[in-house]
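The values are calculated or read from the model by the stated rules, or taken from the named source; none is laboratory data. Keep in mind that this is a model prediction, so the values were computed, not measured. Every residue, glycine among them, receives a Cβ derived from its backbone with ideal geometry; neighbour counts consider all protein chains shown. The area values use the complete protein model at the heavy-atom level, side chains included, leaving out ligands, DNA and RNA. Shrake-Rupley method; radii C 1.70, N 1.55, O 1.52, S 1.80 Å.
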Amino acid sequence: MALISPRTPPGTMELLPRRQVAFQRMLDTIRRTYERFGFLPVETPVFEVADVLLSKSGGETEKQVYFVQSTGGIEQGHKPDLALRFDLTVPLARYVAEHERDLAFPFRRYQIQRVYRGERAQKGRYREFYQCDIDVIGKDSLPVAYDAEMPAVIHSVFTALDVGPFTINFNNRKILLGLFEALGISEPERRVLVLRQVDKLDKLSREQVLELLAGEGIGLAPDVASQVLDMIGFAGSADATLAHLDGLALDNDTFRQGVAELREVVTALQAFGVPETHWRVNLSIARGLDYYTGTVYETFLTNHPGLGSVCSGGRYENLAGLYTKSKLPGVGISIGFTRLFYALEQAGIVQDGPSTVQVLVTQFDPSLMADYLAIGAELRAAGVNTEIQLEPAKPKKQFAYADKAGIRYAVIMGPDEKARGEVTVKDMVSGEQHAVARAALAGWFAGK
RNA sequence: GCGGUCGUAGCUCAGCUGGUAGAGCCCUCGGUUGUGGUCCGAGUUGUCGUGGGUUCGAGUCCCAUCGAUCGCCCCA
């Protein structure tokens, strides 16, 4: 019979147990840090009612959505009425609108779950991946100070993850939009297109971006295009950038409001005590998603620029507008954890974690099985993760097993130890063996 | 959705201008009595992606097809 070749679908990440332990620990670090900053956990279903999920997006995202339909429904020719979520922000909007009366505002939630996008899998681009989101949702209003809190959380998370140097870039979309208004680029669709191209300034040369801005679909006059880049291409400290923006003296309300907000975020961020080595105002950051209305963020790993942003987000004035008449402004960020983990793996930064099994109670003499079971029970009662070797096997094989599985300690008790009222504890890493009194065994592991 | 590369053992790959398939790793067993990670020895593993064509003969050449991968678009 022909075997079916075992394989994962493209664009999915699957790990061996010890790598999974490393993955899980990093995820725990993110979770702990989010909680430390006062965020509450939320989970939502992997699939949502299709029209709830798709109401907003339209266009590009819609093509990437996986629909869900039962086989019965397919047989009856029904169109799928469920779809897998492609991010956590849209489900959050639905969640907040649905539970508005029961939630305390400002509502601070974190959410760590997988999302799905049906796009071509590429290096570091997955069709199923983890997002680790935090958002703060206000009722009617939400002070800009919350915009400054986001980078503070990101800084804390990435420092705790110990992933090497990183920079949080941020900007305010109102600055860009006001600038475009002042330059006569009025159509919203065209502004979004310009934003997308401007966003590429980090990757492409000035000339290439100029060409794109003059190209099809946008058709910016060359002098306007270079004016845009002159204003946006400024590089300098946060204070210098703000001075640069003031110096432009643009007569546009949106622009002025954007600069004022940016200044407020910078000031608050300094007060939050986030070192300026880890963030910068970057006027070319725009973000593709069009629901962002103010502050936007992107975070890059210094040593992996090719990877793109590993954490991004922004401010949205009225996210849940499609679901409720209440005005619910918010600000949030999202860590693309699967991609981040992939990058760290590639860079050799990720080490396999230890097994979650701390101790293997080996079996040297089947007649002592009752003792092995008793030892296992004692260790477990003492909070030590313990596996008992239940199948008779040669010592060689048992140690090889412990070694391969990454189990740190092996407990050995043969007739000799039994007679002395002792057990032998072997440290598989150092190779050292310790004679431990039978009664003191659980205590021996207390500090390990 | 559009472009460039590549498909040989579970994995990484070798196989020169066509002559009946190889290495390393992994895995299994062994190197005697209760000891792994090193070393030594032995062993298992393949419709050479699939279908067709050229040829006395194709892993090797040609065509098609499927799959993978990288880049573009978009994005974490």
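Mind telling me which of the residues A:260, A:268, A:235 ends up being open to solvent by 10 Å² or more (accessible area, probe 1.4 Å), more than 16 Å from RNA strand B (Cβ to nearest atom), of a type in the set (A, V, I, L, M) and not in a helix (DSSP H, G or I)? It would help to see each step written out before you state the result.
Working: A:260 fails: not in a helix (DSSP H, G or I); A:268 fails: not in a helix (DSSP H, G or I).
A:235 is the lone residue from the list that is open to solvent by 10 Å² or more (accessible area, probe 1.4 Å), more than 16 Å from RNA strand B (Cβ to nearest atom), of a type in the set (A, V, I, L, M) and not in a helix (DSSP H, G or I).
Mind listing whichever residues of the stretch A:103-123 are open to solvent by 20 Å² or more (accessible area, probe 1.4 Å) and charged (D, E, K, R)?
A:108, A:114, A:117, A:119, A:120, A:123
Closer than 30 Å to residue A:303 by Cβ and hydrophobic (A, V, I, L, M, F, W, C), is that true of residue A:349?
On the way: closer than 30 Å to residue A:303 by Cβ: yes; hydrophobic (A, V, I, L, M, F, W, C): yes.
Criteria met by residue A:349.
Filter the stretch A:334-362 for residues that are open to solvent by less than 40 Å² (accessible area, probe 1.4 Å) and in a loop (DSSP other than H, G, I, E, B); which is modelled with the lowest pLDDT?
Ranking the candidates gives A:350 first.
Within the stretch A:155-170, identify whether any single residue is more than 11 Å from RNA strand B (Cβ to nearest atom), of a type in the set (Phe, Trp, Tyr) and either part of a helix (DSSP H, G or I) or out of contact with any helix residue (DSSP H, G or I) (no Cβ under 9 Å at 6 or more places or on another chain) (or both), and answer yes or no. Can you show your working first?
First pass over the stretch A:155-170, keeping only residues more than 11 Å from RNA strand B (Cβ to nearest atom): A:155-170.
Next cut, of a type in the set (Phe, Trp, Tyr) only: A:158, A:166, A:170.
Right, trim to either part of a helix (DSSP H, G or I) or out of contact with any helix residue (DSSP H, G or I) (no Cβ under 9 Å at 6 or more places or on another chain) (or both) and you get A:158.
Yes; the residues of the stretch A:155-170 include at least one that is more than 11 Å from RNA strand B (Cβ to nearest atom), of a type in the set (Phe, Trp, Tyr) and either part of a helix (DSSP H, G or I) or out of contact with any helix residue (DSSP H, G or I) (no Cβ under 9 Å at 6 or more places or on another chain) (or both).
Of A:75, A:100, which residue is surrounded by fewer than 19 Cβ atoms within 10 Å (Cβ to Cβ), in contact (Cβ under 8 Å) with a residue 12 or more places away in the chain and not hydroxyl-bearing (Ser, Thr, Tyr)? Show your work before the answer.
Working: A:75 fails: in contact (Cβ under 8 Å) with a residue 12 or more places away in the chain.
Testing whether each residue is surrounded by fewer than 19 Cβ atoms within 10 Å (Cβ to Cβ), in contact (Cβ under 8 Å) with a residue 12 or more places away in the chain and not hydroxyl-bearing (Ser, Thr, Tyr) leaves just A:100.
Residue under question is residue A:207, and the condition is that it be open to solvent by 70 Å² or more (accessible area, probe 1.4 Å) and either free of Cβ contacts under 8 Å to residues at least 24 places away in the same chain or not in a helix (DSSP H, G or I) (or both); does it hold? Working first, answer last.
On the way: open to solvent by 70 Å² or more (accessible area, probe 1.4 Å): yes; either free of Cβ contacts under 8 Å to residues at least 24 places away in the same chain or not in a helix (DSSP H, G or I) (or both): yes.
For residue A:207, the condition - open to solvent by 70 Å² or more (accessible area, probe 1.4 Å) and either free of Cβ contacts under 8 Å to residues at least 24 places away in the same chain or not in a helix (DSSP H, G or I) (or both) - is met.
Go over the candidates A:188, A:91, A:143, A:165 one by one and state the one that is modelled with pLDDT of 85 or more, open to solvent by 60 Å² or more (accessible area, probe 1.4 Å), under 30 Å from residue A:325 (Cα atoms) and not acidic (Asp, Glu). Steps first, answer last, please.
On the way: A:188 fails: modelled with pLDDT of 85 or more; A:91 fails: open to solvent by 60 Å² or more (accessible area, probe 1.4 Å); A:165 fails: under 30 Å from residue A:325 (Cα atoms).
One residue alone meets the criteria, A:143.
Given the conditions (1) assigned to a helix (DSSP H, G or I); (2) near RNA strand B (Cβ under 8 Å from one of its atoms), which single one is not true for residue A:372?
(2)
Just need a number here: residues in the stretch A:42-62 that are under 21 Å from the mean Cα position of the chain (by Cα) and at pLDDT below 60.
Summing the residues that are under 21 Å from the mean Cα position of the chain (by Cα) and at pLDDT below 60 in the stretch A:42-62 gives 1.
If you scan the stretch A:284-303, which residues turn out to be over 26 Å from residue A:96 (Cβ atoms) and open to solvent by 40 Å² or more (accessible area, probe 1.4 Å)?
A:300, A:302, A:303
So which of A:176, A:213, A:195, A:183 ends up being open to solvent by less than 30 Å² (accessible area, probe 1.4 Å), aliphatic (A, V, I, L, M) and at pLDDT 80 or above? It would help to see each step written out before you state the result.
Details: A:213 fails: at pLDDT 80 or above; A:195 fails: at pLDDT 80 or above; A:183 fails: open to solvent by less than 30 Å² (accessible area, probe 1.4 Å).
From the options A:176, A:213, A:195, A:183, the qualifying one is A:176.
Which residue out of A:71, A:33 is modelled with pLDDT of 90 or more and out of contact with any strand residue (DSSP E or B) (no Cβ under 7 Å at 6 or more places or on another chain)?
Every option except A:33 fails the conditions.
Residues to consider are A:370, A:377; find the one that is outside the structural domain of residue A:30 (by TED's automatic domain parsing), within 30 Å of residue A:23 (Cα to Cα) and surrounded by fewer than 23 Cβ atoms within 10 Å (Cβ to Cβ).
Working: A:370 fails: within 30 Å of residue A:23 (Cα to Cα).
Just one listed residue meets the conditions, A:377.
Collect the residues in the stretch A:271-283 that are within 16 Å of RNA strand B (Cβ to nearest atom) and either open to solvent by 20 Å² or more (accessible area, probe 1.4 Å) or within 15 Å of residue A:178 (Cα to Cα) (or both), keeping them in residue-number order.
Passing the criteria: none in range.
Would you point out the residue of the stretch A:390-448, among those that are among the small types (Gly, Ala, Ser) and open to solvent by 60 Å² or more (accessible area, probe 1.4 Å), that is farthest from RNA strand B (Cβ to nearest atom)? Break it down into steps so the answer makes sense when it comes.
If we filter the stretch A:390-448 for residues that are among the small types (Gly, Ala, Ser), which is where we start, we get A:393, A:400, A:402, A:405-406, A:410, A:414, A:419, A:421, A:430-431, A:435, A:437, A:439-440, A:442-443, A:446-447.
After this cut, where a residue has to be open to solvent by 60 Å² or more (accessible area, probe 1.4 Å) as well, the list is A:419, A:430, A:435, A:439, A:446-447.
On the way: A:419: 8, A:430: 7, A:435: 10, A:439: 18, A:446: 23, A:447: 21 Å.
Here the residue is A:446.
Mind counting the residues in the stretch A:284-333 that are more than 12 Å from RNA strand B (Cβ to nearest atom) and in a loop (DSSP other than H, G, I, E, B)?
14
Condition check ((1) within 14 Å of RNA strand B (Cβ to nearest atom); (2) assigned to a helix (DSSP H, G or I)) across all residues:
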position: A:6; (1), (2): yes, no
position: A:11; (1), (2): yes, no
position: A:19; (1), (2): no, yes
position: A:22; (1), (2): no, yes
position: A:27; (1), (2): no, yes
position: A:31; (1), (2): no, yes
position: A:34; (1), (2): no, yes
position: A:43; (1), (2): no, no
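Just the residues that are within 12 Å of RNA strand B (Cβ to nearest atom) and of a type in the set (S, T, N, Q), please, taken from the stretch A:335-354.
A:338, A:346
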